[in-house]
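Working notes for the structure below.
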Amino acid sequence: MGGGAAYENDLNFKATELRLGLPGTGCTNEEQAVSGAKNNKRPLLETREERGSKEKSDPQHDDQETDPAPKARIVGWPPIRSYRKNSLQTKKAEAEAAAGMYVKVSMDGAPYLRKIDLKVYKGYPELLKALENMFKLTIGEYSEREGYNGSEYAPTYEDKEGDWMLVGDVPWDMFLTSCKKLRIMKGSEARGRKLKSDRVSFLTEFSTDGWKFRQEESE
Amino acid sequence: MNYFPDEVLEHIFDFVTSQRDRNSVSQVCKPWYKIESSSRQKVFVGNCYAISPERVIERFPGLKSITLKGKPHFADFNLVPPDWGGFVYPWIEAFARNNMGLEELKLKRMIISDECLELISRSFANFKSLVLVSCEGFSTDGLAAIASNCSFLRELDLQENDVEDHRGHWLSCFPDTCTSLVSLNFACLKGDVNLAALERLVARSPNLRSLRLNHAVPLDILQKILMRAPHLVDLGVGSYVHDPDSETYNKLVTALQKCKSVRSLSGFLEAAPQCLSAFHLICPNLTSLNLSYAPGIHGTELRKLIRHCRKLQRLWILDCIGDEGLEVVASTCKDLQEIRVFPSDPFVGNAAVTEVGLVALSSGCPKLHSILYFCQQMTNAALITVAKNCPNFTRFRLCILDPTKPDAVTNQPLDEGFGAIVHSCKGLRRLSMSGRLTDKVFLYIGMYAEQLEMISIAFAGDTDKGMQYLLNGCKKLRKLEIRDCPFGNAALLMDVGKYETMRSLWMSSCNVTLGGCKSLAKKMPMLNVEIINETDQMDISADDRQKAEKMFLYRTLAGRRKDAPEFVWTL
C-alpha cells in the first residue's frame, strides 16, 4: 500500500471511476469551461431551430454527444485563405511524418525515463517487444479480457484526455494519434488499479485472477 | 489658379499622391481634370471588371503603376469556383498594344498565365516591380521570363500564390548584369531553388533590402546569404528544421550580429525552436514579426522570443501562442498596432485562444488599431472591455471557430459586445463578426459605424431588417459580403441606388431569389448582377422563386463582362 500515495498524484481518478455513459461525457461545468475545446457542446440547440436554421450549419451540431466524432465541416469556414489552410495541412502531415512520434516511457522503479518513436513500429507486437528489450522485462500476451494477465508488468499510456489506458485496447492507428506518454506499471499496480476510495475498498495483494475479481466486484 | 501654366499645376498635383485626393482634384474643373489625368502615374482599380483597360489608358496615358483586384474576397475561402474570372491578360495586352510605359504591376486574386508574364517581360522596357498576392495560373516558367528579360527589375514579391513549380531554374535566369534587386520574396514557392544561383544573385545585389526565402533554403545557406547581405531590412527565413551542428549555428550567430538593419522577420517555415536564441539578437529592433507559418514555434521558446521584441508594431501569430502567450505580448509590446492570430488547426475546430487573450491585448497595447482574431469563444463583457480600452480600432475582425456560438458565459447573443465596439471605435473602417448575432447588432452598426467601408457577415441576423439597418445606416459602405443569413428580396431591393455607391455586394446562402436579383438587375443597368450557378438543373429561365445560391453584384462602366464562364449568369 506504500506505493499508493505516490500514484494518487499521477492517476486521474475520474478516469478510473466506473460509471455508465460514453467516455468524454458527463464533465462538470467547471471542467467544461476549462477545457472548453474538448466537449464543444453547443447550448440552446432549440434556439437555433427557432431561427429557421440553415441546413448547412445544423449537421455541425447534431453529433455533440458522440466524442470525438468529427463535426461536419462548413464550406469556407473558418475564413482563412486556402493557401494558408493547405499549408497548415501539409505542415501537419509533414511534421508528423518526419519528426516521428517521440513519447516518454516511464517504468516504475526506474531512475530515469526513456523516449521512443512510435512511428517506427508497425503495431503492438513490435512495440511491446521493443519495450521488453529496452527495460529488460517480459510483458507477455495481450488479451482483451485479461489485459496482460500473467505478467508482472502492464504497459499503459496517457491519452489526449489525460486518462490512463491499457495499451492494446484500441486499433493501432487510433493509439498512435491518442498516445501522449507511456508508463509501464509494475507489480500490484499492474494487476489492479486503485479506484475511488468511497466505492471500493483497496485491495492489497491479488492472485493472478485479481483482474477478473475486481471487475466482478464493481459490477 | 487659372493663371498658372499647366506645368505649375502639374507640379503642385505631384504632391497629391493618394488616389482619393487625386480623384477629388480631377473633379474641380475641366482644366484640372485634364492636367491631373494626363499626369497621374499610379492607378488603383479595386475591381478589374468595373472599367475597361482601354478606358483607363485613354484617361491616364502617363500611367506607370497599376494595382488590379479580381475575384471577390470570399474566393479566398473557396466560395467561388475556379475559372470564375479575374484574368489580367486583357489588361496587359491592352497596355502593350498602346505602348504604355508600365513599370509596376500589383495584382490581387487574379489569374495570370505564363504567357502573360512573358508578355510583360518583353513589352515594358522599364518594368521594375511585380507584386502578386493570392494569384494563380502561372508557373516558375513565367517567373523565369521575368527574371531573364526585365533588366531593371527591382521588386519580385510573391505572396501566398498558388504557383506550379517546375523546379528551381528560374533563379538562374537573372542575368549577371542584373544588379538592381531591392526586394525578392519567393516564400510561397513549393519547390527547390538553385541555391548557388541564389547566393550569387544576393552577392551582386547591393540594394537588396527585402528577402523572403522558401522552405527549400536551409540554415547553412541562410547564414551565407546573411553574410553577403548585412543591410537587409526585411528577412523571411526559410527552413530552420535541423538541429544545426555548432559550427553552422555559430556562423549564423556571427552573421546575425552583422544584420543591424533587420526590422521585419518572417518565415521559419519548418522550424525546430531550439535555435531561436540566435534571433534574440535581432528581436530588440523588430517592428514586424510574422510567425503565422511556423507551427513549430510555440510554448516557452515562443514566449522567450516575444519578450525580446519590445518595439514590435505588427505581429502575425498562430493561436498556439495561447492566452498566456498573448499576455506576454501585452506586457512586452507596448507599441503594438496590428495583430493577427490565426488558427493552427482549423479542421479540428479548437482554437487555443479565448476572450482572455483579447482583453489582455486591449489593456496592454493602447496603440492597437487593427486586429484579426480567430478564437474558441467570446463574451459580451470582454468585447465591451476591449471597446473601452481601445477606441482606436480601424479594423476589427473576430472569428469564433463555431460561427453561431453565443456569449460563452451568459449564452446571450454577442449583439451588445459588437455594439460596444462600433459605438466606441468611431474610426472603424472594416468589421468582421461571428458568433450568435441577431438583428439588433445591425441596428447598432447602422447607428454608430459611420466610417465603416467594409463588412463581412456570416450566420447572423433574424430578418430582412438586419440588412436594411446596415444599408440605411452605413453611408460610407463600399463592400458588403454576406453568407448564410436570412436576408431576402425585401432587404436586397430596399434601396437599389445604394449599390452604385458601393464597389460590390456578395450574398450567398441567403434568401434572395432569382426573381429578386432579376428585378434588381432591371432597375440598375449600371450594375452587373451575376449569379453563380453550381447546380446542373437550373437555367436562366428557371423559376424565379428559386433561391439564388450565390450572387455577386458590382457597379461597372464596362457593361457585362465577356469572359464569364458558363456557370456565371449576368442578369
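Laboratory data are not the source of any read-out in this text; all were calculated from the coordinates shown. Because the structure is predicted, anything quoted here is derived from the model rather than measured. FYI the Cβ positions are ideal-geometry reconstructions off the backbone, even for glycines, and counts take in every protein chain you see.
How many times 2.2 N^0.38 Å is the alpha carbon radius of gyration of the stretch B:413-571? Display every interim value, and only then the final one.
On the way: Rg = 15.7 Å, N = 159, 2.2 N^0.38 = 15.1 Å.
It is 1.04.
Per residue of chain B, what 222 nm ellipticity follows from adding -39500 (n - 2.57) for every DSSP H run with n ≥ 4, rounded to the nearest 500? Walk me through the intermediate numbers first.
On the way: 19 runs with 179 residues, N = 571.
Only helices count here, giving -9000 deg cm²/dmol.
When 1/r is averaged over all different Cα pairs and the result inverted, which Kirkwood radius in Å belongs to the stretch B:88-160?
One decimal place: 11.9 Å for the Kirkwood radius.
Beyond 26 Å between alpha-carbons counts as too far, so tell me which of A:136/A:160; B:334/B:475; B:251/B:367; A:115/A:160 fall in that bin. The partial results should precede the final answer.
On the way: A:136/A:160 28 Å; B:334/B:475 34 Å; B:251/B:367 37 Å; A:115/A:160 18 Å.
Violating the 26 Å limit, Cα to Cα: A:136/A:160; B:334/B:475; B:251/B:367.
Does the stretch B:167-259 come out rounded, prolate or oblate, given a ≥ b ≥ c as the square roots of the eigenvalues of its C-alpha gyration tensor, rounded meaning a/c under 1.5 and, failing that, prolate meaning a/b above b/c? Write out the running numbers ahead of the final one.
On the way: a/c = 1.83, a/b = 1.26, b/c = 1.46.
Note, shape of the stretch B:167-259 comes out oblate.
For residue A:108, enumerate residues with amide H under 5 Å from its amide H, sequence gap 5+ or separate chain, H modeled in the peptide plane.
A:184, A:186
Kindly work out what percent of the DSSP beta bridges joining two residues of chain B are antiparallel, to the nearest 5.
Numbers: 15 of 92 bridges.
Around 15 percent antiparallel, to the nearest 5.
Taking θ = phi - 60°, what integer Hz values does the Karplus form 6.51 cos²θ - 1.76 cosθ + 1.60 yield along the stretch B:566-571, in sequence order, with x for Gly and Pro?
Result, rounded to whole Hz: 4, 7, 10, 9, 9, 7.
Taking other Cβ within 10 Å of each residue's Cβ, how do B:104, B:301 sort, fewest first? Please report the intermediate quantities before stating the final value.
On the way: B:104 20, B:301 17.
So the ranking, lowest neighbour count to highest, is B:301, B:104.
Checking the a/c ratio against 1.5 first, then a/b against b/c, what shape does the Cα gyration tensor give for chain B? Mind dumping the intermediate values first?
Details: a/c = 1.65, a/b = 1.14, b/c = 1.45.
Note, shape of chain B comes out oblate.
Please arrange B:112, B:455, B:35 by how many other C-beta atoms lie within 10 Å of their C-beta, fewest to most.
On the way: B:112 26, B:455 23, B:35 20.
In increasing order of surrounding Cβ atoms, one gets B:35, B:455, B:112.
Taking θ = phi - 60°, what integer Hz values does the Karplus form 6.51 cos²θ - 1.76 cosθ + 1.60 yield along the stretch B:181-192, in sequence order, with x for Gly and Pro?
Working through the residues one at a time gives 4, 10, 9, 9, 10, 10, 4, 8, 6, 8, x, 6 Hz.
About its Cα centre, how strong a charge dipole does the stretch B:67-187 have in debye, to the nearest 20, once Lys and Arg get +1 and Asp and Glu get -1 at the Cβ?
Numbers: 10 positive and 17 negative charges, 81 e Å.
So the magnitude is around 380 debye.
Determine how many Å³ per residue the convex hull of the Cα atoms of the stretch B:328-410 encloses. It would help to have the intermediate numbers written out before the result.
On the way: hull volume 7.0 nm³, N = 83.
It is 85 Å³ per residue.
Starting from the 7 Å offset along Cα-to-Cβ, what nm value, one decimal, do you get for the label separation of residue A:129 and residue B:166?
So the label points at residue A:129 and residue B:166 sit 4.9 nm apart.
Put +1 on the Cβ of every Lys and Arg and -1 on every Asp and Glu Cβ in the stretch B:379-507; which of B:400, B:428, B:444 then has its Cα farthest towards the positive end of the dipole?
It is B:428, whose Cα lies furthest towards the positive end.
Please arrange B:498, A:129, B:550 by counting, for each residue, the other beta carbons lying within 10 Å of its beta carbon, fewest first. Mind dumping the intermediate values first?
Values: B:498 16, A:129 12, B:550 24.
Going from least to most buried by this count: A:129, B:498, B:550.
Out of residues 5 or more away from residue B:166 or on other chains, whose amide H comes under 5 Å of its own, with H placed 1.01 Å from N in the peptide plane?
B:140, B:141
R0 = 60 Å: FRET efficiency of residue B:58 with residue B:331, Cβ-based, nearest 0.05? Spell out each step's value before the answer.
Numbers: r = 56 Å, r/R0 = 0.94.
E between residue B:58 and residue B:331, to the nearest 0.05, is 0.60.
Looking at the stretch B:232-391 only, what percent of DSSP beta bridges run antiparallel? Nearest 5 please.
Numbers: 0 of 21 bridges.
Roughly 0 percent of the beta bridges in the stretch B:232-391 run antiparallel, per DSSP.
Provide the per-residue ³J(HN,Hα) series for the stretch B:298-310, in order, calculated from phi with Karplus coefficients 6.51, -1.76, 1.60 and θ = phi - 60°, each as a whole number of Hz, with x at glycine and proline positions.
Each residue of the stretch B:298-310 in turn: 7, x, 5, 4, 5, 5, 4, 4, 4, 4, 8, 9, 6 Hz.
What FRET efficiency, computed as 1/(1 + (r/R0)^6) with R0 = 56 Å and r the Cβ-Cβ distance, is obtained for residue B:12 and residue A:160, rounded to the nearest 0.05? Write down the numbers at each step before the final one.
Numbers: r = 67 Å, r/R0 = 1.19.
It comes to 0.25.
In whole Å, what is the distance between the alpha-carbon centres of the stretch B:446-515 and the stretch B:37-52?
Comparing the Cα centres of the stretch B:446-515 and the stretch B:37-52, I get a distance of 26 Å.
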